[in-house]
Amino acid sequence: MDAFQIFLNTLSPSVLIIIFIGVLIGIIVGAIPGLNGAIGISLLLPMTFALEPQIGLLLLGGIYMGGMYGGSITAILLNVPGDVVAAPAAMEGYPLTKQGRAKEALYYSIFSSMFGGFIGVIILILFTPPLASFALKFGPAEMFFIALSGLVIIGALGGNLYKSAFAVLFGLFISTIGVDLIAGSERFTMGSADLRSGISVVPVVLGLFCLAEMFLNIGKKSNEVTTYKDQSIKRMTVIKDIVRQKFLVLKSSFIGTCIGLLPGVGTTLAVFMSYGEAKRVSKKRDQFEKGNTEGIIAAESANNATVGSSMVPLLALGVPGSPTTAIIAGALIIHGIILGPSLFVQRPDVAYTFLYGMLLTVVAMAIIGAVGIKYFSYILKVKMEYIVPTVLVFALFGAYSLRNSIFDVFIAIVLGIVGAIFKKIAVPLAPIIIGVVLGPLIETNLARSMVIAEARQLSLPHYMLSNPLAIFLLVMVAVLFVVVIKMRTKTE
Amino acid sequence: MVIIILTNIIMGVVLILFSILAYTQTGDMPSQSAMFPRIVLYGIGITGLLMIVDTLIKVKRGKATNDSSLTLNSFIFQILIPGAFLLITYQLLTIFGFYISAFFLIMVVFFYQTYRANNIKITGKHFLKGLIVAVLITAIMYIIFTLLLGLPVPSGSFFR
């Protein structure tokens, strides 16, 4: 099947409906304070079991794209950013809402998200296949350094460095539980038969993200939706203004794309860097935090640009760059699809349908966002009394459904309790997920390297640095580490 | 200041103890299997140690900042009680299966959330509302998961 035929297939009504449903769900979960795209994807994971892998993947991709935008709705209308990522949208959007310009702020948000999302997906389409093709040349040493880069960077981010490092190591530790696939011996199973098959990523995500988040939502009051008299504005007026500020859009999308490409770095840094840069170069700097649309354009275009680019390492190298992409990786594994360079050789239908379909998620997001603005305030009226129990029972089912294992439900609950405590003591949860996903990749490639080194009668470091590509990757890991540390300092 | 010292130092101590305890479990493993977990456990232990040292240095320099929001109240009402609800639900799952357990969890969490958020007593009206919500959500899940998607759900020992 050629690329054009795959593209035509993505335009079939059933695929388009799935994409629209995914984006709509993403916007809704993103807009509800306390929920986000990652939770939406986790909860809808079981639904994808009944779908073709590429269709299920697009449903999740749609939620990811929609969820990124949805967070700005509450930020703009209520001054409640559902996530840190939406904080700049709140800082600039809410003052506009108070001035009776909520619709204008929401239009700026949706169309900036559209431009950013589009650029990110174009990068995804252009970069992923050649990178995957190049990565086919990687041996265990190269794959080890690639996986290590994700851990090194994510460990360098977040609040307290030691807590971030602990989170990564805790994730790696979880990944070692179960029967060791290389030697076949049991590790940390405490004699439990259920633990022999290890702890899969889905109950970990559901526990740490859904259950822990819901625990902390308990007791929170529903948001009071205040109605402001809103001025009328045409969509085209906003689009023309954004196009006029094309350098701001391009620069912010570029920042979002580059940071999205780095495994584990996340959207927050991209959004704050773009916002900070927009503020730095703005002629209307004094209007920032009082309702400056440049701030919304910068933050929202960077935000959605990360969606496409964060998928590049996942699809091309099998390295998920964020918790959300880790869940998507989990969904593909359930369908028996092995991520990484061989994906484009073994299942090009899945890979290319997803790549092209992501473009359509941007279109769907723009249409839903532009048309649905007047209905967004209804989403905000959903009460916590309904959200919390619904998410909890869906999460329990999601944990069970992966392996039809009741023990996975127990794991999710325990990790939910642990996750809630971690959140309270400021241990970041995202690095744990990345650690769980990257752990087997690191260990397997390290073990393979050791076997090869022994067979060639070389020391491990000698073998691992025996070719220029491996040396280059090691240098890249070191450079990335320094760059991220510097970026962190700058952002702080 | 005391809270920062306590949280970070207790966490550091817990990490060191955890790494030592888990390390003892690697003794029986073949060396190849034990290598990676040992590296990770060394890392956890060292991180715990550095966390303690870093906190003490920051406190001495007066640069310590509090990043923890854990209080006894939040631990009991936001973590312990909801966690207990879920553990009870897990037990119910093994006995009565998914839908009955889901119904129970929705009802209980609905009442608890209503009580916690609004600080009001649960009345007959709330009970009726909770009942309707629980029936509706459970029915929707049944329609989606069992009827439409045909996915298996935990059946429970009682109905086997």
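Points worth noting:
- Magnitude of the charge dipole, the protein assembly as shown, Cβ model with Lys/Arg +1 and Asp/Glu -1, debye to 20: 1800 debye
- Bins of 10 Å from zero: percent of alpha-carbon pairs in the stretch B:72-159: 17, 40, 32, 11, 0
- In this structure, B:Ile9 and A:Val482 have a Cβ-Cβ separation that, at R0 = 22 Å, corresponds to a calculated FRET efficiency of about 0.15.
- Dipole magnitude for chain B: computed about the Cα centre from +1 point charges on Lys and Arg Cβ and -1 point charges on Asp and Glu Cβ, it is near 460 debye.
- Rounded to the nearest 20 debye, dipole of the stretch B:1-78 from Cβ charges on Lys, Arg, Asp, Glu: 320 debye
- Computing FRET efficiency as 1/(1 + (r/R0)^6) for A:Asp194 and A:Phe49, where r is the C-beta to C-beta distance and R0 is 22 Å, gives about 0.55.
- Cross-link pairs A:Lys290/A:Lys424; A:Lys423/B:Lys58; A:Lys103/A:Lys240; A:Lys423/A:Lys486; A:Lys98/B:Lys129; A:Lys284/A:Lys424 - those with Cα-Cα distance over 27 Å: A:Lys290/A:Lys424; A:Lys98/B:Lys129; A:Lys284/A:Lys424
- Cβ-based charge dipole, the protein assembly as shown, positive-most Cα from A:Phe288, A:Ile255, A:Thr268: A:Phe288
- Cα-based convex hull volume of chain B per residue, rounded to whole Å³: 200 Å³
- Binned Cα-Cα distance frequencies in the protein assembly as shown - 20 Å width, integer %: 19, 54, 26, 1
- In plain terms, the residue of B:Arg38, A:Arg285 with the fewest other Cβ atoms within 10 Å comes first and the most crowded comes last, giving A:Arg285, B:Arg38.
- Those aspartates and glutamates that a straight Cα-Cα span of less than 18 Å connects to A:Lys220, excepting residues fewer than 8 apart in one chain: A:Asp83, A:Glu385
- Per-pair calculated FRET efficiency, R0 = 41 Å: A:Tyr378 and A:Asn404 via Cβ, rounded to 0.05: 0.65
- Order of A:Lys423, A:Lys374, A:Lys290 - criterion: other Cβ atoms within 10 Å of each residue's Cβ, fewest first: A:Lys374, A:Lys290, A:Lys423
- For the stretch A:263-332 versus the stretch A:76-149, the gap between their alpha-carbon centres in whole angstrom: 4 Å
- Residues within the reach of a label modelled at A:Leu250 (point 7 angstrom out along Cα to beta-carbon, backbone nitrogen below 16 Å), restricted to the stretch A:75-115, are A:115.
- Cα centroids of the stretch A:452-479 and the stretch B:85-160: 54 Å apart.
- Ranking of B:Tyr115, B:Tyr90 by count of other Cβ atoms within 10 Å, fewest first: B:Tyr115, B:Tyr90
Every number here is computed from the coordinates shown, using simple stated rules; none is lab data. Values in this document were obtained by computation on a predicted structure and should not be read as measured data. Neighbour counts run over all protein chains shown; Cβ positions are idealised from the backbone, glycine included.
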